[in-house]
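Note sheet for the following structure.
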Amino acid sequence: MHVRALSLRDFRSWEQTELELSTGRTVFLGSNGNGKTNLVEALGYLATLGSHRVSTDAPLIRLGAQRSRIGATVVNSGRELRIDLELNQGSANRAQINRSPVRRPREILGILQTVLFAPEDLALVRGDPSERRRFLDELCTARLPRLAGVRSDYDRVLRQRSALLKTAGRQARSRSGTPADLSTLDVWDGHLAAHGGELLAQRLRLVHELHPHLEQAYRSIAPESRTAAIRYRSASLPPEFLDADRAPQPDDAPVLESIMLRELTAARGKELERGVCLVGPHRDDLELLLGSAPAKGFASHGESWSFALALRLAAFELLRGAGTDPVLLLDDVFAELDRRRRAALAAVAATAEQVLITAAVPEDVPPELEATPLRVETTGEADERISHIVDQSGAALAPLSEDP
Ligand SMILES: Nc1ncnc2c1ncn2[C@@H]1O[C@H](COP(=O)(O)OP(=O)(O)OP(=O)(O)O)[C@@H](O)[C@H]1O
Ligand SMILES: [Mg+2]
């Protein structure tokens, strides 16, 4: 697939821009802070409804503006779809498909698939388990957009159940208060296990299918290093489920649901004591292994980068295997890589349907990619600085259009 047109309105440093994009490789060039990453961040947001840099929407809205708009025309196997998203300060975000409003923004998920590789990806290896859970869940959702609903249901039930655990735990500890009504907790256990079982089944399927791609990608980047492997990590699942070689079964979701219910029952006392939910996919992790050692804490700086890159390349290959190339977004990454890793990434970038690259200087991009340059500059002062795309003569390539 590819993005034929991108429009931004009050997104970060972009005030109003309509940008035509072509297939093949395009590189956005410009000095630090000119707004290059903001462009790929906007596309990543359309694909995942999240930013790779911040966890809330507020910083994405241009300073002084009330809302931000991101729109893209996505071409997939000859079929064109237009998606538009409005990020609102203080009220719910809204989305449109082909200019018709949809009930929830998450209905646009799956229309644009991206794989974004950015300097922040080092956190995939070195950061908290939440970084790796997000990696898994975003990839699961790219493959199966329906999962966005399951994730949001799971998160909602988790919040409500956790609140209940806190009050019930407090009541159980105080002798004088009314005894806690634990039957409500049983109901929440049922919901949590149902959504959790479905999420777990998709994560395990993903790890199983991603594993060979990851091994292969890491070998191509760092052939002299130890073998890379991934393994799902969960304290509440029997070990056979955690083996990446285990083939997923059609009844995994209900089986995992009943395992979760059993574990929730067993953990009830401890949960009430601590007032937190101790069982479920929100506690799990993706273990990254180099040889037999965990990458986190053991891998060198170069090995950690290689692992992060291999995870992204594996994600790209997995999505591509389903029939269409995701859009590859490479944010300032070539400069960080040594010769071999640049070559491995360039080899994938050379064959992808559309690759959007950001770099401060042209020398950072491998010349064999023959990327079409687009220059990003800013005008204005301090907080009022606004990004523009200019051609080499300095004229605006993408003139500001009238308000739609
Ligand atoms: N909400 C916002 N409103 C206005 N400007 C913003 C907002 N968020 C970020 N910016 C501005 O955007 C600029 C950063 O843009 P971006 O990260 O895309 O730069 P870049 O071109 O990728 O730079 P580098 O080469 O350093 O990575 C900063 O100048 C920042 O002040
Ligand atoms: Mg940048």
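The values are calculated or read from the model by the stated rules, or taken from the named source; none is laboratory data. Here the structure is a predicted model, which is why all the values come from computation and not from measurement. Neighbour counts are summed over all protein chains in view; Cβ atoms, including those assigned to glycine, are modelled from backbone coordinates with ideal geometry. Heads up: the accessible areas ignore ligands, DNA and RNA and are worked out on the full protein's heavy atoms, side chains in. Shrake-Rupley method; radii C 1.70, N 1.55, O 1.52, S 1.80 Å.
The table below lists the values:
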{"quantity": "Ser7 being away from ligand 2 (no atom under 16 Å from the Cβ), small (Gly, Ala, Ser) and not in a strand (DSSP E or B)", "calculated": "no"}
{"quantity": "Count of segment 16-32 residues which are within 8 Å of ligand 1 (Cβ to nearest atom) and either open to solvent by 30 Å² or more (accessible area, probe 1.4 Å) or at pLDDT below 95 (or both)", "calculated": "2"}
{"quantity": "Subset of segment 365-379 [away from ligand 2 (no atom under 16 Å from the Cβ) and either farther than 30 Å from Ala350 by Cβ or open to solvent by 80 Å² or more (accessible area, probe 1.4 Å) (or both)]", "calculated": "Pro367, Glu368, Glu370, Thr379"}
{"quantity": "Boolean, Arg340 is at pLDDT below 90, touching a helix residue (DSSP H, G or I) at 6+ places or on another chain (Cβ under 8 Å) and either open to solvent by 10 Å² or more (accessible area, probe 1.4 Å) or of a type outside the set (Gly, Ala, Ser) (or both)", "calculated": "yes"}
{"quantity": "Members of segment 349-367 found to be within 16 Å of ligand 1 (Cβ to nearest atom) and under 29 Å from Gly321 (Cβ atoms), listed by number", "calculated": "Leu356, Ile357, Thr358, Ala359, Val365"}
{"quantity": "Of the criteria (1) within 15 Å of ligand 1 (Cβ to nearest atom); (2) within 19 Å of the chain's Cα centre (by Cα), which one Ala72 fails", "calculated": "(1)"}
{"quantity": "Which numbered condition Ser22 misses (of (1) out of contact with any Ser or Thr (no Cβ under 8 Å at 6 or more places or on another chain); (2) away from ligand 2 (no atom under 16 Å from the Cβ))", "calculated": "(1)"}
{"quantity": "Pair list, Cβ under 9 Å, 6 or more apart: segment 257-272 residue over 15 Å from Ala194 (Cβ atoms) and free of Cβ contacts under 8 Å to residues at least 60 places away in the same chain, other residue open to solvent by less than 50 Å² (accessible area, probe 1.4 Å) and not hydroxyl-bearing (Ser, Thr, Tyr)", "calculated": "Ala266/Val279; Ala267/Cys277; Ala267/Leu278; Ala267/Val279; Lys270/Leu278"}
{"quantity": "Subset tally (residues that are surrounded by fewer than 20 Cβ atoms within 10 Å (Cβ to Cβ), within 29 Å of Val125 (Cα to Cα) and charged (D, E, K, R)) for segment 264-284", "calculated": "1"}
{"quantity": "Residue satisfying condition, being part of a loop (DSSP other than H, G, I, E, B) and within 11 Å of ligand 1 (Cβ to nearest atom), within set Ser51, Ser55", "calculated": "Ser51"}
{"quantity": "Inter-residue pairs, beta-carbon under 7 Å, first modelled with pLDDT of 95 or more and in segment 188-201, second open to solvent by 10 Å² or more (accessible area, probe 1.4 Å) and among the small types (Gly, Ala, Ser), 6+ apart", "calculated": "Gly197/Ala253; Glu198/Ala253; Ala201/Ala253"}
{"quantity": "Lone qualifier among Arg312, Arg320 - being over 17 Å from Asp121 (Cβ atoms) and either open to solvent by 20 Å² or more (accessible area, probe 1.4 Å) or of a type in the set (A, V, I, L, M, F, W, C) (or both)", "calculated": "Arg320"}
{"quantity": "Residues (β-branched (Val, Ile, Thr), away from ligand 2 (no atom under 16 Å from the Cβ), open to solvent by 20 Å² or more (accessible area, probe 1.4 Å) and without any contact (Cβ under 8 Å) to a residue 60 or more places away in the chain) located in segment 33-88", "calculated": "Thr56"}
{"quantity": "Pair list, Cβ under 7 Å, 6 or more apart: segment 220-240 residue in contact (Cβ under 8 Å) with a residue 40 or more places away in the chain and assigned to a helix (DSSP H, G or I), other residue open to solvent by 100 Å² or more (accessible area, probe 1.4 Å) and not polar (S, T, N, Q)", "calculated": "Ile221/Arg340"}
{"quantity": "Candidates Ala315, Ala346, Ala322 - the one that is within 14 Å of the chain's Cα centre (by Cα) and more than 16 Å from ligand 1 (Cβ to nearest atom)", "calculated": "Ala315"}
{"quantity": "Tally of residues being within 13 Å of Ala201 (Cα to Cα) and open to solvent by 60 Å² or more (accessible area, probe 1.4 Å) across segment 244-256", "calculated": "4"}
{"quantity": "Options Ala347, Ala359, Ala382; residue that is more than 16 Å from ligand 2 (Cβ to nearest atom), aliphatic (A, V, I, L, M) and closer than 23 Å to Glu15 by Cα", "calculated": "Ala382"}
{"quantity": "Residue match in segment 326-338 (condition: among the aliphatic types (A, V, I, L, M) and in contact with a Lys or Arg (Cβ under 7 Å, 6 or more places away or on another chain))", "calculated": "no"}
{"quantity": "Residue selected from segment 89-104 under the condition open to solvent by less than 90 Å² (accessible area, probe 1.4 Å) and under 20 Å from the mean Cα position of the chain (by Cα), by the criterion farthest from Leu19 (Cα to Cα)", "calculated": "Asn93"}
